[in-house]
Structures are given as C-alpha cells and as structure tokens.
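Remarks on the structure that follows.
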Amino acid sequence: MRLTLPDGSVRAFDGPATGRNLASSISKGLAKQAVAVEVDGALADLDRPIARDAKVRLVKAGDPEALPLLRHDCAHVMAEAVQDLFPGTQVTIGPAIENGFYYDFARDEPFSTDDLARIEARMAEIVKADKPFRREEVSREEARRRFADTGEGYKLELLDAIPEGEPVTLYHQGDWFDLCRGPHGPSTGRIGAFKLTKVAGAYWRGDAKNAQLQRIYGTAFASEKDLKAYLARIEEAERRDHRRIGREMDLFHVQEEAPGCVFWHAKGWTLWRAVEDYVRRRLDRAGYAEVKTPQLVDKVLWEKSGHAALFGSDMFFLEADEKRTYALKPMNCPCHVQVFNQHQHSYRELPLRMAEFGSCHRNEPSGALHGIMRVRAFTQDDAHIFCTEDQITGETQAFCDLLLSVYRDFGFTDVRIKFSDRPAVRAGDDAVWDQAEGALWDAIRATGLDVILNPGEGAFYGPKLEFVLRDAIGRDWQCGTLQVDIVLPERLGASYIGQDGAKHRPVMLHRAILGSLERFIGVLIEHYAGRLPLWLAPVQAVVATVTNEADAYALEVVQRLQAAGVRAVADTRADKIGYKVREHALAKVPLLFAVGAREAEAKSVSLRRLGSQAQESLSLDDALALCQRDTMPPDA
RNA sequence: GCCGCAGUAGCUCAGCCGGUAGAGCAACGCAUUCGUAAUGCGUAGGUCGGGGGUUCGAAUCCCUCCUGCGGCACCA
C-alpha cells in the first residue's frame, strides 16, 4: 500500500497502516508531534488504519487544522468532568466552534460560575491523566443499549438521526464515552491550554419550542501563550465596545425609560449627519430620488401589505382613536408603494429608485437588544427600485458596485455576500418564488462576486442578498441587503404602462447599504475603536491655548477653520497645555493645534495629530489648507 | 421571549454576618498663566433600579416587576 506525502514522496507499507505508523517511519519527533492525519483531504484519527493508497499529511499539534480537534477533545473532557461532578446530568452535543467549544447539558439545576472553577479543576486532572482517545464502531442496537443503560435520552435521539448506512461510532477516554463522529487527537494529555468562559441557556436542537439546556462555553489552544493572546483579544474587543466608547466620547446614551431607543447627543448626531450626508450624496449621484413617508400608518395598510399577518408580532400598534388602530411602520416599503401609486407610470420611467432615510420601529424581543446595534427604533438607508424583470440584473450589479464603493469609503474592504432563499413562512406562491429566486441568482452571478447560500433565511416577500462586512478585529456584521419582491407590488396594486399600452406589475427591489444607521455607526465606532477618520470625527480639530494671552488668536484660528468647513472648537481654559493635550487625546480628537505667544506672533500653529507625539509647526494658511484637504469626505 | 448573572454618586467600584453610605476619576468653585498625556486647594453630588414584605430597624434577608450584561431563539 502506498501513501503519498505532501512533498510528493511515497511510503510503502505491507497492508493497512495508521498515521502513527507513518509518522514513526519518518521520524521520532514527528511521531511525538502528530495529532491526526489527513487522508485524501479528510481528517482522521492517528490510529485509524488507512486501507487504501492515498495522499496523506500528518497534522501536528500547532497546525491550524489541529485546533478544532483539540477543542473537540476538550469538550469531551469537560463533559466527563461535568458528569463526574454532577451525576445525573445528561450530555447532548458538544462541538468545536470558532473561538473554542461548548457542550450542552441537560440538568435541572443551572451551573453557577463557581461550578466552572470546579469543572476546570476536574478537567485538569483528566488532562493530566493523559487518557488515550479510543474509537469504537458499534451497531445501532449496541449503541442504543449502552446509552439506554447510562440514561442518555438525548443521545438516543441523536442516534436515531444518524442516516442508515453511516457507521455509529463511540469515542472513549478511560471509562467515559460519548457518541461522536470524531476524529479526535491521540489523548487528553495533548490538550495544551484551556479555560471555561461562560454558562448560558441554549435550546435543544436550536429550537425555542424545545427544552432549554445548560451550555458551558470554553476555549482551548495548543499553548498557554495562544490562550493568553486570545484573552487579550477579548479585552481589546471590550475596549472597543461601542457602548463604552459612545459614553466616553459623549456620542449617545440609552436609558431605562426607552429600551432599544437611542438618545443621540450633539457629537453623536454630528457623526450621524456626516454619515447620512455622505450616503445622500452617493444616492443622489446614483439616480435615486429621496422621499419621506409617515411613521404612523393605519393598520389597514399593513393588513393589505401582509405585514400585519406575517410581521405583526414585531410591530407596535396603538389605538389613538376609538375607531382606528395605527401602527408604527416597521418597514418603509408599503409607504413607498403609496408614493409610487399617486401617479400612473410609464415603462420609460423605470427603473424608478425611491430612497428614504426611513425611521422604523420594531418590537424586538427584549433579549435581542444590544447597545445601538440592535434597537427598536432605527433609521434605514432604505430604497425601493421599481423596475421590470429585465432590469433586475442591471440594477443588482449597479447596487453591488455602489455598496462596495460606499463600504470602501468607510474603510471596510472585507465583505461577504449571502443568498437567502424562501423561508417557511412566506407570502406568494411557489411559482412566484421560483421566478424571484431565479432572477436574483442570475443577477448576482452576473456580478461575478462570491456568494454563500443561506437557506430559508429570505424575507417573507422575497429572496435576499445579505452583505456582511468584517471589521478590524475580525467580527462580522450584517449591514446591507438587496431583496427581490414580486409579492408587494401585487398586493398593493402597483403598476406601470408598458410599451404595449397595457398595465404591468413592476418588480420591487428593496435595498439598503448601511442597513440601519444606528447599527452601522456602532460598527464604525468599534472598527475604528472610536478614532474615526477625519471626515467623520465629530470634533475634527481643537485649538488649545498655551496661555490665555493667546486666546484671541486661538479664537481667530477657530473662526477661520470653521469658515473653511472644519468642525473646530477652542480650548481657552486656564489649564496647562499638557493637561489639554491629554484630555483631547482621550476624547479622540484627530487634530490638536496648540497656540501660544510664539504662534500668535508668527500667525502659525503647532499641530499634533492623534496617536502621534510629533509636533509640526506650520503657518495658519498652510494649516487651513491641510484641514480643508484632510477633512474632505472621500466622495468629494 | 427563554436560561444565567447584575443594578450603590456622571464613570469604575468598596460597603461580608441587618444598626441608617464611602473611595478614585469626572463635575463645579477659587488660586495658578504654565510649551505637548494629569497644577494645587476646596465644594457639591446618592428616596443604594421600582414596588411590596419580614424586622424595633433593610443597600444588606424574601417576593415581584423593570432595565442592563452573556448566551439561546429572533433579526437591519
């Protein structure tokens, strides 16, 4: 039997060999380091016999492929520790995830944070005991018998879900075993460094209708150093938290009386306006016409549109009048159709692009609220494109171009696109969905961009593209969207006159680039850790005096800056320049001009940029030119 | 909405076993006029998340509601 290594060399064995055999045949060191083997691209246990000729690669402890394996090992160790310490607890599932692993347990009593320390201690013993992981293939009946013996009802359910014909495998470590597909590392002793991080509730099989289990999260790394680096990353994320920075920079607040609603302070609103003004210019140039529609609309319209039936549980209704029920709009689309319907349209007017910075209210579940990222009152950079089916492709392409260019201007270059197709609860029949999904697929294929399928996640009225951007520390945020809708124009009677003189239904494309301004601004804050690019910074420049003798000059500088369109303020307090430098640096002001007697005399300024210790002396005129240039929005 | 945890001054937190609230920073006032990350002194600030209960007495114990946080579910 011949095993081909990544370097092209071939090792021959008489009969089946394992990864461990292969490793020992190469070197002692490799045999020690190897934790798994990749056979024709699939990971396998080191002791799994390889029965056929294959391309193989040994995976070593520090390799990236080893990490999920190690974490899964750690999940098993945790499960053993938990069952040791808390008899009667049932195990369910325990996968490796992006930054670690979890295991869901069924136990009436919740785990406390104190329990985590106990569990960790027991885990350390299991790791120290260095128990080998052993794979055992068993018949269904055998597996059923064993899990029935141990009282593992959830495992029995999982067993039933394994497709006929697939092998049923158990993994043992000492006396403890679990139903598991594998693969695993060689032994518990190979888990480098681990830590349990949090306890949480989680539904069995991710369904809110099922029982709630107790989930314990943990993380594991090949070395203590990697674990430390990870924990430092978590701390960095906490430092960037938009809720903390929003308070520190005096941008906004939320308070008990208005859960999920943002109080924007002057500085935060300045940032908002910079964002909104920029998007407005981009939309203007891209052929959109901006409108503004009511927030309070009779329930009757939402019944017609289908929102009341399919989205009603997320809507706020109010009886302000004894005869009528109103709703706060959760979306802008039905209102835009009302605007569209005020005139008879010709095919010549299509595509008609109607934009609105639309204030929407949705009664989000209380547990979903999160700072300004997930709120109940938000503003979408929304637009609806009324077009013909033939125009879907062109409009989608133009939209993708616009969106990517806008994201680039805000400093985001890593964007993923998801295609969400028909959800279980939806309006419109299957033929309509076939048509809408087909059109959107054609359109996105035409852009040549990479797309990931996101099954069953479409809007109730149509399939959608979701644009997910990745921030500076690798977190994903869903912002933009494009949705094809053939249902709403029908329901609300939108039409245009075609070339043939007959009435036709337009297609509606719902689209947003930022998504909600609240969320997008939150993402911006975290992406930049509050150190916003100049064009977005609420205060772009502070002119601070060294002594009060320079006050008059400082005010003159500020005035000139403001006249040049720069958001500048003076700091003429009777404090030391060092104090002022510190304070404005903490407030994340990008440009700090210090002026004293020297500068007043010479009509110059001393510039210090945020994040730099360096001082630059330049003439007032040069400073004005520099500010004017550097504070310019990227589209100007 | 569900599970768990938390809510004391603007912020970060102390205040364990019930005896009537404290620190640092911020704020404000006065003095200081100073050259690039903290000048000094002083002052003010809290129905201890809301309501109910137990008690002679509750920030502290119990119940309940609200809000937040971490997950889950849901989602822009």
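The values are calculated or read from the model by the stated rules, or taken from the named source; none is laboratory data. These numbers were taken from a predicted model, which means no experiment stands behind them. No Cβ is skipped: glycine too gets one built from the backbone with ideal geometry, and neighbour counts run over all protein chains shown. To get the accessible areas, we keep the full protein, side chains included, count just its heavy atoms, and leave off ligands, DNA and RNA. Shrake-Rupley method; radii C 1.70, N 1.55, O 1.52, S 1.80 Å.
Brief remarks follow.
- Verdict on A:Lys503 being within 21 Å of A:Glu395 (Cβ to Cβ) and among the charged types (D, E, K, R): no
- Checking A:Val558, A:Val569, A:Val546 one by one, the residue that is touching a strand residue (DSSP E or B) at 6+ places or on another chain (Cβ under 8 Å) and within 14 Å of RNA strand B (Cβ to nearest atom) is A:Val546 and no other.
- Whenever a residue of region A:153-169 is under 15 Å from A:Ser139 (Cβ atoms), its partners that are in a loop (DSSP other than H, G, I, E, B) and open to solvent by 80 Å² or more (accessible area, probe 1.4 Å), lying with C-beta atoms within less than 7 angstrom and at least six residues away or across chains, give the pairs A:Thr169/A:Arg181.
- Of the residues A:Asp442, A:Asp409, A:Asp434, A:Asp430, the single one that is of a type outside the set (Ser, Thr, Tyr), in contact (Cβ under 8 Å) with a residue 24 or more places away in the chain and open to solvent by 70 Å² or more (accessible area, probe 1.4 Å) is A:Asp442.
- Criterion violated by A:Thr547 - all others in (1) farther than 21 Å from A:Cys627 by Cα; (2) among the hydroxyl-bearing types (Ser, Thr, Tyr); (3) open to solvent by less than 10 Å² (accessible area, probe 1.4 Å) satisfied: (3)
- Odd one out for A:Arg505, checked against (1) closer than 13 Å to A:Phe340 by Cβ; (2) within 16 Å of RNA strand B (Cβ to nearest atom); (3) basic (Lys, Arg): (2)
- Restricting A:Leu626, A:Leu618, A:Leu592 to residues that are more than 9 Å from RNA strand B (Cβ to nearest atom), within 21 Å of A:Ala274 (Cβ to Cβ) and either touching a helix residue (DSSP H, G or I) at 6+ places or on another chain (Cβ under 8 Å) or not in a loop (DSSP other than H, G, I, E, B) (or both) narrows the list to A:Leu626.
- Residue count for region A:334-350, restricted to those that are within 25 Å of A:Gln478 (Cβ to Cβ) and in contact with a Phe, Trp or Tyr (Cβ under 8 Å, 6 or more places away or on another chain): 1
- The residues of region A:368-388 that are assigned to a strand (DSSP E or B), open to solvent by 10 Å² or more (accessible area, probe 1.4 Å) and under 18 Å from A:Leu328 (Cα atoms), listed by number, are A:Arg374, A:Ala377, A:Phe378, A:Thr379, A:Gln380, A:Asp382.
Conditions (1) within 16 Å of RNA strand B (Cβ to nearest atom); (2) open to solvent by 40 Å² or more (accessible area, probe 1.4 Å), marked per residue:
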position: A:Phe147; (1), (2): no, no
position: A:Asp160; (1), (2): no, yes
position: A:Tyr171; (1), (2): no, no
position: A:Gly182; (1), (2): no, no
position: A:Ala200; (1), (2): yes, no
position: A:Tyr203; (1), (2): yes, yes
position: A:Lys209; (1), (2): yes, yes
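One line per residue, one yes/no per condition, for (1) within 29 Å of A:Asp314 (Cβ to Cβ); (2) hydroxyl-bearing (Ser, Thr, Tyr); (3) open to solvent by 30 Å² or more (accessible area, probe 1.4 Å); (4) more than 8 Å from RNA strand B (Cβ to nearest atom):
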residue: A:Tyr230; (1), (2), (3), (4): no, yes, no, yes
residue: A:Ile234; (1), (2), (3), (4): no, no, yes, yes
residue: A:Arg239; (1), (2), (3), (4): no, no, yes, yes
residue: A:Met249; (1), (2), (3), (4): no, no, no, yes
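- A:Leu465 meets each of the listed conditions (1) away from RNA strand B (no atom under 12 Å from the Cβ); (2) touching a Ser or Thr at 6+ places or on another chain (Cβ under 7 Å); (3) not small (Gly, Ala, Ser) apart from (1).
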